[in-house]
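Working notes, structure below.
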Amino acid sequence: MEYNLLKGKRGIIFGALNDMSIAWKVAEMAHEQGAVFTLTNTPVACRMGTLNDLSEKCNAPVIPADATNVADLEEVFAKSTELLGGKIDFVLHSIGMSLNVRKKRVYHDLDYNYLNKTLDISAISFHKMLQVAFKSNAINEWGSVVGLSYVAAQRSFYGYNDMADAKALLESIGRSFGYIYGREKKVRINTISQSPTMTTAGSGVKGFDGLMDFSERMSPLGNATAEECAGYCITMFSDLTRKVTMQNLFHDGGFSNVGMSLKAMTQYNKSFDTDEIDTMD
Ligand SMILES: NC(=O)c1ccc[n+]([C@@H]2O[C@H](COP(=O)([O-])OP(=O)(O)OC[C@H]3O[C@@H](n4cnc5c(N)ncnc54)[C@H](O)[C@@H]3O)[C@@H](O)[C@H]2O)c1
């Protein structure tokens, strides 16, 4: 659906790795909606992934950068402004990685070097890109920055490990920087808390299939897909949401406000034999 919601807007999209990535879907939709933008990911991801296909499809230059490296981020903003011909209107932070999760270190036996990396990559990078943009005045008034989060920032989820702490920090940075960036330069900053989604990062979480099935049964509208998340990001980048800032916006089919659903209860009861269900009544 082409509404030209982003016509004339310039953006930077961090975190498209392959065609399952949420950032990939955002890029495709931003292109459809008339935006011009650059794509960025780590040098390794740019080499190993399929980012060039997306770059060709969307006519979007690729700028390799490690989002934890301030000099790299300065380069991303400077080059993007130059290549796109002006200041930036929207930025997507779609970055997450935990070495503790990857190396199967459980939450009560964390490696603290890994934890520092988790926080730096998945949360502090958000602060770093905002600070770089703020100092270089790279984002236009009424520009919009979105980071992607997960409900484990608020509630405990088995297997989500130190990424829960990273998401809590990410959302807090969105609020803290959102106040300053809004006050000083009329730039808005929000996080979108997305349903579990089958991507490279998502499938690294312990028990991910079960988590997806559980949240599908718990959500009255079902899990939100990566494409649907892209749609929400696009509306947040558009001029239709200019007064929304400092929010953590749940995009999860209603999951975050459900305690128990009929579908989840039905599945739960199936795990008992008939006698046990009778005694429960
Ligand atoms: N998949 C889910 O279930 C889910 C749910 C809620 C939120 N999210 C969040 O959505 C975002 C995107 O993840 P995704 O699910 O599309 O998975 P993905 O694996 O496709 O994307 C993660 C991206 O982070 C990039 N990245 C890692 N380290 C980096 C660094 N140092 N510098 C720059 N980029 C780096 C990776 O290269 C990759 O492109 C993440 O923040 C993730 O936590 C995902």
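The values are calculated or read from the model by the stated rules, or taken from the named source; none is laboratory data. What you are looking at is a predicted structure, and each value in this text was computed from that prediction instead of being measured. Quick reminder, even Gly has a Cβ in these numbers, built from the backbone with ideal geometry, and neighbours come from all protein chains shown.
Within 22 Å of the chain's Cα centre (by Cα) and not in a loop (DSSP other than H, G, I, E, B), is that true of ASP72? It is true that ASP72 is within 22 Å of the chain's Cα centre (by Cα) and not in a loop (DSSP other than H, G, I, E, B). When you check ASN161 against the structure, is it of a type in the set (S, T, N, Q), in contact with a Ser or Thr (Cβ under 9 Å, 6 or more places away or on another chain) and on the phi > 0 side of the Ramachandran plot, yes or no? Yes. For segment 238-260, residues that are out of contact with any Phe, Trp or Tyr (no Cβ under 9 Å at 6 or more places or on another chain) and among the small types (Gly, Ala, Ser) total 3. Looking at the structure I just gave you, is VAL91 outside any helix (DSSP H, G or I) and either in contact with a Leu (Cβ under 6 Å, 6 or more places away or on another chain) or within 14 Å of the ligand (Cβ to nearest atom) (or both)? Answer is yes for this residue. Taking into account only those residues within segment 12-34 that are near the ligand (Cβ under 8 Å from one of its atoms) and assigned to a helix (DSSP H, G or I), which is farthest from ILE95 (Cα to Cα)? Within segment 12-34, the match that is farthest from ILE95 (Cα to Cα) is TRP24.
Note on segment 219-262: residues that are part of a loop (DSSP other than H, G, I, E, B), of a type in the set (S, T, N, Q) and in contact with a Leu (Cβ under 8 Å, 6 or more places away or on another chain) amount to 1. Within segment 192-218, if we keep just the residues that are part of a loop (DSSP other than H, G, I, E, B) and surrounded by fewer than 17 Cβ atoms within 10 Å (Cβ to Cβ), the residue that is nearest to the ligand (Cβ to nearest atom) turns out to be THR200.
Taking residues in segment 260-281 that are closer than 27 Å to GLY222 by Cα, and partners anywhere that are modelled with pLDDT under 90, the pairs with Cβ atoms closer than 7 Å and at least 6 places apart or on different chains are ASN269/ILE277.
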